[in-house]
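What follows is calculated from the coordinates using simple rules that are stated; it is not laboratory data. The structure displayed is predicted, hence computed values, not measured ones. Neighbour counts are summed over all protein chains in view; Cβ atoms, including those assigned to glycine, are modelled from backbone coordinates with ideal geometry.
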Amino acid sequence: MKTLPIESGLLLAGVLFTLGLISVLVRRNIIFMLISVEIMLNAAGLAFIVAGSRWAQADGQVMFIFILTMAAAEVSVGLALILQIYHHLKTLDSDAADRMNG
Amino acid sequence: MAFYIASAIAILATIMVITRYNMIHALLYLVVSFLAVAVIFFMLGAPFMAALEVIIYAGAIVVLIIFVIMMLNLKEESVEQERKWFTRNIWIGPGILAFILLGELIYILVASDTVLLNNKVVDAKEVGLSLYGPYIVGVELSGLLLMAGIVGAYHLGRQKRKVLHRFLQSTEE
């Protein structure tokens, strides 16, 4: 198999991260914002894997495991928060939760 | 060549994710995107990470979000609401600005010297030796983070008790 240039992998990570960033900026639905954060974390992990493949070391994959752990913990806490917000406000609109008086 | 096909699938599936109105459709495209990224991990010489991507991202996280959407019991009008929110003048500003930043990133990457990737496969044994050797502090902190995540999710997801015990009811009066 032919070897790839490192730019192609980093470009893919950058494009995926930008798509997730656009989505988290333009969406008003909280679940869609959580999904977009997952896309961005996955793109960051892809960049780590590409860098680890460049140097043929295991460190990039170790960092990917840490990102994976963080994403799993973040999505569980985030979904619990979304359930509470929907229970209180009866909507998924992120603009509805702009007052801090509970 | 296979790398570019998988990259195109990942980018197209992600575009479909961020433009859907229906949440379940978006999550199904998200699974396709994660599977394409797993194929890329396999080609980059990280087969263990490809397996973890399929199991945890495409398996656990997406299924968790689908379960929460099922618990919320959303109706058809949520799709209409999403269609009303997702108008053109909402996404045109952030989209253009983010794409300008992406253009700068592409320019920086293309203008630098070309470096070829290694074809060497870094397997699970090497990752495990590194994980439990120099990175053991990170593993312990990950355990702490997961513990905090469990406790936080339990505390936040708990519903208020509606039925009080009869002793508590009598003291309230």
Only helices (runs of 4 or more DSSP H) wholly contained in chain A count here; list those with 1 or more residues that are within 7 Å of chain B (Cβ to nearest Cβ) and in contact with a strand residue (DSSP E or B) (Cβ under 8 Å, 6 or more places away or on another chain). A:6-26
Within region B:30-84, residues within 10 Å of chain A (Cβ to nearest Cβ), among the β-branched types (Val, Ile, Thr) and touching a residue at least 24 places away in the same chain (Cβ under 8 Å) come out as B:37, B:40, B:62, B:65, B:69
Tally up the residues in region B:1-18 that are under 16 Å from residue A:22 (Cβ atoms) and more than 9 Å from chain A (Cβ to nearest Cβ), please. 3
Please verify whether region B:99-112 includes one or more residues that are assigned to a helix (DSSP H, G or I), within 9 Å of chain A (Cβ to nearest Cβ) and in contact (Cβ under 8 Å) with a residue 40 or more places away in the chain. no
Within region A:78-102, track down each residue that is β-branched (Val, Ile, Thr) and surrounded by 19 or more Cβ atoms within 10 Å (Cβ to Cβ). A:82
Looking at (1) under 30 Å from residue B:24 (Cβ atoms); (2) facing another protein chain (nearest Cβ under 7 Å); (3) of a type outside the set (S, T, N, Q); (4) without any contact (Cβ under 8 Å) to a residue 24 or more places away in the chain, which one does residue B:115 not meet, given that it meets all the others? (1)
